[in-house]
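Report on the structure given below.
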Amino acid sequence: NSVAAAGGIDAIIAGMQAHRDNVDVQEMGCSALGNLAWSNSAIQLRISQLGGVEEIVRATQTHIRSGGCMQKCTLALGNLACHASNQVKIAQINGIQLILNALVEHPQHQLCTQYCCWSLKNLCLHAENKVKIVRVNGYKLVVQALKNNPGHSGIVDEACQTLGKLSWGNADHQNKIMAEGGIEAIVAGMKTHPSRINVSQQGALALGDLAWSNSAVQQRVGQCGGIQVTIAAMNRFADNAGCQQKCALALGNFSCHEDNQVKIAQLDGITPIMAAMEKHGSHQLCLQYCCWALKNLALNEANKKRIASGRGPRLIVEALRNFPGHAGIVEEACGCIRKLVWGNQENQNRIATEGGIEAIIQGMAMHVSKASVQQQCGLALGDLAWSNEANQARVGRAGGIPPIIAGMHAHPTHSGTQGGLALGNLASLCVQNRKIVAQAGGIPAILKSMKTNLQYPGVQEYGCWALRHLALDAECKAICLREQGPSVIQACMAEYTTRPGVQEQGNAALKNLGLVG
């Protein structure tokens, strides 16, 4: 800041403009601007305003043959690209292509390669740049750099981060990087540097980003040793919460594939996930992604039993209870609870004993505006209550019914937040809950939900499921008749004549309302 305030930026740029053909001046000028811009947003913007970005790009084009100059140019561009406006400017003046040219021109210059990857990583924080880099085959050059330099930790670190950012949320990019051998290259880099925490955590995160919602990539990761290196990183760097967070996220993404659910368990990957929750109980993202991983691993019945029989229920409920204000933890913990308790009374009771019901209700009440949280919380309460009268009564006593209804009102067109399933489960055995639903305005809410969401057969089936049980109570029955419930039920049955669930639950509801024999 002192150098900038004294006019240092202006002087450096003026010197570069006066000696554009002198490679040494350009190299040192880029180095100076890059150092000034490091982690300083105000200076990054100031350099751009004074024409510094253009001068660095011009030097990158003019002195492409000099590896040293390219190293300094790309480092400077990477530092400047930490500012969003510079990401746009660098792309507009052909900076991306020039960085890729430097990668091609100097494959043996490792620092140049590292800083080219650094620049591309920061540039692809802008969505259009990410697409452009892939379109001009930049991902191929990054993968090749990784393959050629597995022993250089700086290149492995930056290349992994670049590939992760290029692939995140884009199946086409994920598949292209996989086809180029990117997964194997990342795994090789991680194996070469097992004691380097940056390589371990960035490699794991890159594998996780590649695997997000992509079954083919998930399978390839499992086949080429990606699971092993990720678990090894968790075990080696157990004290580092950031590394645990990234590895847990990756394992959660991998375990969306059923083969990987088995493999992770066989490699004892469940143990370090739960250990991370125990050791880093105050690190919110670590807890969120550990819950994400356990949720997906619990899709396997043997894993579900293993998680539930140990410290899993306690750790999950503790995370939920300690951080009710963190939407990510609430959503993933509730999702995990759902997987553990569905159809398993022993697990339902274990979660209830740990205080899980009250923790879910607390989290639900704090995130009324977030549909995904409302969905997972409501379904978790419903799954805990399924065929379990004690849990049904506990949810009712703890005040869990009004938040479900509030979620329905807050998100009237979101099919996942329509509480028919949960309210039906809660009213199926517990007489008192039927009265609570009536008093909380649950019956009009269910009928409104069914009318508003006629296009969703699940909403219709579960709405009828709830009305079926509520109609066993005289007060609820009277409310349903007064609110024209039978016509709503008949309308959904007419809409879904070939859906057995809708027909079965609709007929049962009409029968309990006294309208069919």
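Taking Gly424 as meeting all but one of (1) at pLDDT 95 or above; (2) within 19 Å of Gly363 (Cβ to Cβ), write down the number of the exception. Result: Gly424 passes all but (2). For region 229-251: of the residues being assigned to a helix (DSSP H, G or I) and of a type in the set (Gly, Ala, Ser), which is surrounded by the fewest Cβ atoms within 10 Å (Cβ to Cβ)? Top of the filtered list is Gly242.
For region 200-228, the set of residues classified as farther than 15 Å from His257 by Cβ, buried (at least 24 other Cβ atoms within 10 Å of the Cβ) and more than 18 Å from the chain's Cα centre (by Cα) consists of Ser200 only.
Residues of region 1-31 that are part of a helix (DSSP H, G or I), closer than 24 Å to Asn101 by Cα and either in contact (Cβ under 8 Å) with a residue 24 or more places away in the chain or not assigned by TED's automatic domain parsing to the domain that holds Ser85 (or both): Ile13, Met16, Gln17, Val23, Gln26, Glu27, Met28, Gly29, Cys30, Ser31. Checking Ala42, Ala59 one by one, the residue that is over 33 Å from the mean Cα position of the chain (by Cα), in a helix (DSSP H, G or I) and in contact (Cβ under 8 Å) with a residue 40 or more places away in the chain is Ala59 and no other.
Of all residues in region 47-61, those being crowded, with 17+ Cβ neighbours inside 10 Å and under 16 Å from Ala102 (Cα atoms) number 5.
Residue-wise test of (1) outside the structural domain of Gln49 (by TED's automatic domain parsing); (2) over 21 Å from Ile183 (Cβ atoms); (3) among the charged types (D, E, K, R).
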site	(1), (2), (3)
Gln87	no, yes, no
Ile90	no, yes, no
Ile93	no, yes, no
Ile96	no, yes, no
His109	no, yes, no
Cys112	no, yes, no
Lys121	no, no, yes
Ala145	yes, no, no
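Of the candidates Lys165, Lys140, the single residue that is buried (at least 17 other Cβ atoms within 10 Å of the Cβ), among the charged types (D, E, K, R) and touching a Cys at 6+ places or on another chain (Cβ under 8 Å) is Lys165. In region 165-192, the residues that are closer than 11 Å to Cys224 by Cβ reach residues that are hydrophobic (A, V, I, L, M, F, W, C) and in a loop (DSSP other than H, G, I, E, B) with C-beta atoms within less than 8 angstrom, at least six apart or across chains, in these pairs: Ile183/Cys224; Glu184/Cys224; Val187/Cys224. Filtered by the rule that a residue be farther than 16 Å from Gln266 by Cα and of a type in the set (Ser, Thr, Tyr), region 205-251 gives Ser213, Ser215.
With the requirement that a residue be outside any helix (DSSP H, G or I) and under 19 Å from Thr271 (Cα atoms), what does region 310-363 give you? Give the steps one after another, and end with the answer.
In the first step, residues of region 310-363 are kept if they are outside any helix (DSSP H, G or I); the result is 310-311, 323-326, 342-344, 354-355.
Once the filter is applied, which keeps residues that are outside any helix (DSSP H, G or I) and under 19 Å from Thr271 (Cα atoms), region 310-363 yields Gly310, Arg311.
Picking from residues in region 115-134 that are of a type in the set (Lys, Arg) and more than 10 Å from Ala159 (Cα to Cα), the one that is surrounded by the fewest Cβ atoms within 10 Å (Cβ to Cβ) is Lys132.
The selection criterion, being outside any loop (DSSP other than H, G, I, E, B) and surrounded by fewer than 23 Cβ atoms within 10 Å (Cβ to Cβ), holds for Ala390.
Is it true that some residue in region 437-447 is farther than 25 Å from Gly400 by Cα and assigned to a helix (DSSP H, G or I)? Reasoning before the result, please.
Initial filter on region 437-447 (farther than 25 Å from Gly400 by Cα): none.
So far as region 437-447 goes, no, none of its residues is farther than 25 Å from Gly400 by Cα and assigned to a helix (DSSP H, G or I).
Taken as a whole, region 158-167 holds no residue that is assigned to a loop (DSSP other than H, G, I, E, B), of a type outside the set (A, V, I, L, M) and modelled with pLDDT of 95 or more.
Within region 343-353, the set of residues being surrounded by fewer than 20 Cβ atoms within 10 Å (Cβ to Cβ) and either at pLDDT 95 or above or among the aliphatic types (A, V, I, L, M) (or both) comprises Asn344, Gln345, Glu346, Asn349, Arg350, Thr353. Residues in region 287-307 that are buried (at least 23 other Cβ atoms within 10 Å of the Cβ), part of a helix (DSSP H, G or I) and among the aliphatic types (A, V, I, L, M): Leu287, Ala293, Leu294, Leu297, Ile307.
Inside region 43-72, can you point out the residues that are of a type outside the set (Ser, Thr, Tyr) and either within 12 Å of Cys82 (Cβ to Cβ) or modelled with pLDDT under 95 (or both)? Spell out the reasoning first.
First pass over region 43-72, keeping only residues of a type outside the set (Ser, Thr, Tyr): 43-47, 49-59, 61, 63-65, 67-72.
Once the filter is applied, which keeps residues that are of a type outside the set (Ser, Thr, Tyr) and either within 12 Å of Cys82 (Cβ to Cβ) or modelled with pLDDT under 95 (or both), region 43-72 yields Ile43, Gln44, Leu45, Ile47.
The values are calculated or read from the model by the stated rules, or taken from the named source; none is laboratory data. Everything quoted here is computed from the prediction, not taken from an experiment. All Cβ positions, glycine included, derive from the backbone under ideal geometry; neighbour counts span all protein chains shown.
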